[in-house]
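Participant: Below you'll find the structure I mean.
The values are calculated or read from the model by the stated rules, or taken from the named source; none is laboratory data. This one's a predicted model, so the numbers in the text were calculated from it and none came from an experiment. For neighbour counting, all protein chains shown are included, and Cβ atoms are generated from backbone atoms with ideal geometry for every residue, glycine included. Accessible surface is based on the protein model in full, side chains and every heavy atom, while ligands, DNA and RNA are left aside. Shrake-Rupley method; radii C 1.70, N 1.55, O 1.52, S 1.80 Å.
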Amino acid sequence: QVQLVESGGGLVQPGGSLRLSCAASGTIFRVYAMGWYRQAPGKQRDLVAQITSGAITNYADSVKGRFTISRDNAKNTVYLQMNSLKPEDTAVYYCNAVVDRTGRDITGNYWGQGTQVTVSS
């Protein structure tokens, strides 16, 4: 099995910063894309940012210039640096990873349990 464990959420004032981390562990041969999604109450889960194993990144328009995704391949860990936070960034943030567990190029899509980010004064 594969586990994704997130950390770093919390309460922050508008304009503040937070850094989320997500570490993948378990039976892993290779981790392909890793990313962050978020879901606000009553809304669908949307992509925030994604990064490939080759460090190619993709961002939602709403976070471009404010959020930065990065990863440490040796640690199977992905990070999300969030700056200039706004109240509309409030949501549960979920880590996602595409993982080949066996080396046979058969991948699975895995999710973390979610971490709450609240931006409020």
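Participant: For the stretch 98-117, what are the residues that are under 16 Å from the mean Cα position of the chain (by Cα), hydrophobic (A, V, I, L, M, F, W, C) and surrounded by fewer than 16 Cβ atoms within 10 Å (Cβ to Cβ)?
Facilitator: Start the filter on the stretch 98-117 by keeping residues that are under 16 Å from the mean Cα position of the chain (by Cα), which leaves 98-99, 109-117.
Retained after the next criterion (residues that are hydrophobic (A, V, I, L, M, F, W, C)): 98-99, 111, 117.
The answer is TRP111, and nothing else.
Participant: Would you please name the residue that is most open to solvent (accessible area, probe 1.4 Å), looking only at residues in the stretch 8-60 that are at pLDDT 95 or above, more than 11 Å from the chain's Cα centre (by Cα) and basic (Lys, Arg)?
Facilitator: In this case the residue turns out to be LYS43.
Participant: Any chance the stretch 63-78 includes a residue that's open to solvent by less than 70 Å² (accessible area, probe 1.4 Å), of a type in the set (D, E, K, R) and out of contact with any strand residue (DSSP E or B) (no Cβ under 6 Å at 6 or more places or on another chain)?
Facilitator: yes
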